[in-house]
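Visitor: If you scroll down you'll find the structure; I have some questions about it.
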Amino acid sequence: MRNAGFTLLEILAFVLVTAILLAVIAPAVWKVYESSSLAVSAENIRQLSAGGAQYLADNEQRFWKYRENGSTVMDHGGNLIRGTRYWFGFETDGSAGAGEGNRDFDPTQSPLAGYVPKGLHPDPSFATHADAFKPKYKCGYLGIGYNVLLGGGWSPTSKTITMSYWQLANPSQTVVFATSAQVNTFQSPASTGHPMLEEFYGIDQNEKTIHFRQGKAAMVGFADGSCGFLPMDESTRDNRIQGVNIGRFAPVGSFKYLR
């Protein structure tokens, strides 16, 4: 009887067949991820755009703040807690001490929470970057950024007055929401020698935080409630991580599509 085991020829045949199968299957799997990411981004931005329009109607057409430091909210147990209220949720004081990827926030305390009844869903596209991806919140991966120029800047004060819809020269070309991410080199486990892709939540006239992850286009929601796609200005591409397609709509300092 023949000894158990594979011959060299059988092993080579197995490796060849496996390689062929991977070559055929990999593009199909990638297409599934792309389609899934597109569907999630589309639904999130559609809901945010509709909810944002209703918020404006209820608040004298003034946009909500990007961030409110020193906020106090009541948790689900009826206790008052302090922290930072971002446009996408509430982070309690001390949460950052849990470390990147373990920070927590409550999306139900967002200024838009009551206007987005179905909630927002994590975008699966980040999972494709494996060890190059650095999560910020343990329930995050949203990857949608808000135009901070409308919301009073990155850290508005209690006296900051946000922009009004009526101040916009062209609402149909003013981006309120866009698919967003950044290259992080300054927070562990990221470093200058190991840049990592990070979910992000804001866009402005200077930072490279727009993520063109939908066929090299960014999905956006405009101030008039419509949604669409915008291309990257190639001169702004962040090349610290290859293939992540992070940049801007226009050169640094330009307010194009922002107000």
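Visitor: Of these, 169, 178, which one is farther than 27 Å from residue 39 by Cβ and among the aliphatic types (A, V, I, L, M)?
Guide: None of the other options fit; the residue is 169.
Visitor: Quick check on residue 195: is it exposed (fewer than 13 other Cβ atoms within 10 Å of the Cβ) and not charged (D, E, K, R)?
Guide: Judged against the criteria, residue 195 is not a match.
Visitor: Regarding the stretch 56-63, can at least one residue be identified that is of a type outside the set (Val, Ile, Thr), assigned to a helix (DSSP H, G or I) and at pLDDT below 85?
Guide: The answer is no; no qualifying residue exists.
Visitor: Here's something else I'd like to know. Kindly indicate whether any position in the stretch 36-47 is in a helix (DSSP H, G or I), under 25 Å from the mean Cα position of the chain (by Cα), modelled with pLDDT under 75 and not aliphatic (A, V, I, L, M).
Guide: yes
Visitor: If you check residue 185 against the conditions, is it hydroxyl-bearing (Ser, Thr, Tyr) and surrounded by fewer than 20 Cβ atoms within 10 Å (Cβ to Cβ)?
Guide: yes
Visitor: Is it true that residue 206 is surrounded by fewer than 14 Cβ atoms within 10 Å (Cβ to Cβ) and either among the hydroxyl-bearing types (Ser, Thr, Tyr) or under 21 Å from residue 258 (Cα atoms) (or both)?
Guide: Working: surrounded by fewer than 14 Cβ atoms within 10 Å (Cβ to Cβ): yes; either among the hydroxyl-bearing types (Ser, Thr, Tyr) or under 21 Å from residue 258 (Cα atoms) (or both): yes.
It is true that residue 206 is surrounded by fewer than 14 Cβ atoms within 10 Å (Cβ to Cβ) and either among the hydroxyl-bearing types (Ser, Thr, Tyr) or under 21 Å from residue 258 (Cα atoms) (or both).
Visitor: I would also like to ask the following. Where residues in the stretch 66-97 are aliphatic (A, V, I, L, M) and loosely packed, with under 13 Cβ neighbours inside 10 Å, which of them is nearest to residue 49 (Cα to Cα)? Can you show your working first?
Guide: In the first step, residues of the stretch 66-97 are kept if they are aliphatic (A, V, I, L, M); the result is 73-74, 80-81, 96.
Then drop every residue that is not loosely packed, with under 13 Cβ neighbours inside 10 Å, which leaves 74, 80.
Working: 74: 27, 80: 30 Å.
Here the answer is 74.
Visitor: What pairs come up if the first residue lies in the stretch 48-77 and is among the polar types (S, T, N, Q), the second is surrounded by fewer than 13 Cβ atoms within 10 Å (Cβ to Cβ) and at pLDDT 95 or above, and their beta carbons are under 8 Å apart, counting only those six or more places apart or on different chains?
Guide: Pairs that qualify, where the first residue is among the polar types (S, T, N, Q) and the partner is surrounded by fewer than 13 Cβ atoms within 10 Å (Cβ to Cβ) and at pLDDT 95 or above, are 61/166.
Visitor: Determine whether residue 258 is farther than 25 Å from residue 103 by Cβ, part of a strand (DSSP E or B), modelled with pLDDT of 95 or more and not β-branched (Val, Ile, Thr).
Guide: When the stated conditions are applied, residue 258 does not pass them.
Visitor: Where residues in the stretch 98-126 are exposed (fewer than 14 other Cβ atoms within 10 Å of the Cβ) and not in a loop (DSSP other than H, G, I, E, B), which of them is nearest to the chain's Cα centre (by Cα)?
Guide: 108
Yes/no per residue for (1) among the polar types (S, T, N, Q); (2) within 23 Å of residue 191 (Cα to Cα); (3) within 15 Å of the chain's Cα centre (by Cα):
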{"site": "220", "(1), (2), (3)": "no, no, yes"}
{"site": "223", "(1), (2), (3)": "no, no, no"}
{"site": "244", "(1), (2), (3)": "no, yes, yes"}
{"site": "259", "(1), (2), (3)": "no, no, no"}
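Visitor: Before we move on, is residue 95 over 24 Å from residue 217 (Cβ atoms) and among the polar types (S, T, N, Q)?
Guide: Taking the combined requirement at face value, the residue satisfies it.
Visitor: Take the residues of the stretch 217-234 that are touching a strand residue (DSSP E or B) at 6+ places or on another chain (Cβ under 7 Å) and in contact (Cβ under 8 Å) with a residue 24 or more places away in the chain: which is surrounded by the fewest Cβ atoms within 10 Å (Cβ to Cβ)? Give the steps one after another, and end with the answer.
Guide: Residues of the stretch 217-234 touching a strand residue (DSSP E or B) at 6+ places or on another chain (Cβ under 7 Å): 217-223, 227-233.
Next cut, in contact (Cβ under 8 Å) with a residue 24 or more places away in the chain only: 218-223, 227, 230.
Working: 218: 29, 219: 24, 220: 26, 221: 26, 222: 22, 223: 24, 227: 16, 230: 20.
Top of the filtered list is 227.
The values are calculated or read from the model by the stated rules, or taken from the named source; none is laboratory data. Just so it is clear, the model here is predicted, and its values are computed rather than measured. No Cβ is skipped: glycine too gets one built from the backbone with ideal geometry, and neighbour counts run over all protein chains shown.
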